[in-house]
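What follows is calculated from the coordinates using simple rules that are stated; it is not laboratory data. The shown structure was predicted, so the numbers you read here are calculated from the model rather than taken from an experiment. In this analysis, Cβ positions are derived from the backbone assuming ideal geometry, glycine residues included, and neighbour counts consider all displayed protein chains.
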Amino acid sequence: MPKAYDLDLRRKVVEAVILNGMKRCEVAEQFNLNRKTVSNWLKRYEITGDIQPSAHNHQGHSHKITDWSAFRVFARANADKTQKEMAELWPEQISDRTISRALKKIGFTRKSGGTPRRFAALGNAHQDKDLWVQAAR
């Protein structure tokens, strides 16, 4: 979300319309603002008597994982499981995508040493010449 305009600018705009009697479109052009922005500020001033920007409490999405030390222990204990299986084992209802984001956040990675490669011959050609020949066919 973009940063709110400075309070001093808001004050000058409202004063230009109310005290000096300028038109909203003239004020908008003078201060290089959108006319709708000027109208919104004036409307807020008429209703509340204030020109402060409204407070937005954007905290992001609700976080399902809050205890990160417990999640690290959980991730190490279930390192052999898929993210979907980990999501099913987590005490609360959680998606596998949330597990994925959480694993990335704690820096958890898996080494592929435990699972065979799809084309092992191409990755280990220098070790096994027979497999290299078979893969080349």
inquiry  = How compact is the stretch 68-110 by the rule of thumb for globular proteins, expressed as Cα Rg over 2.2 N^0.38 Å?
reply    = 0.98
remark   = In the stretch 68-110, taking the dipole from +1 charges on Lys and Arg beta carbons and -1 charges on Asp and Glu beta carbons about the Cα centre, the listed residue (Leu89, Asn78, Trp68) farthest towards the positive end is Trp68
request  = Can you spot the lysines whose alpha carbon is less than 25 Å from Lys105's alpha carbon? Ignore those fewer than 8 places along the same chain.
outcome  = Lys64, Lys81, Lys84
ask   = What spacing in nm lies between the two simple spin-label points modelled at Lys104 and Asp8, each 7 Å away from Cα in the Cβ direction?
value = 4.2 nm
remark   = Here P(r) for the stretch 7-48, Cα-Cα distances in 5 Å bins, as whole percents, is 6, 26, 41, 24, 4, 0
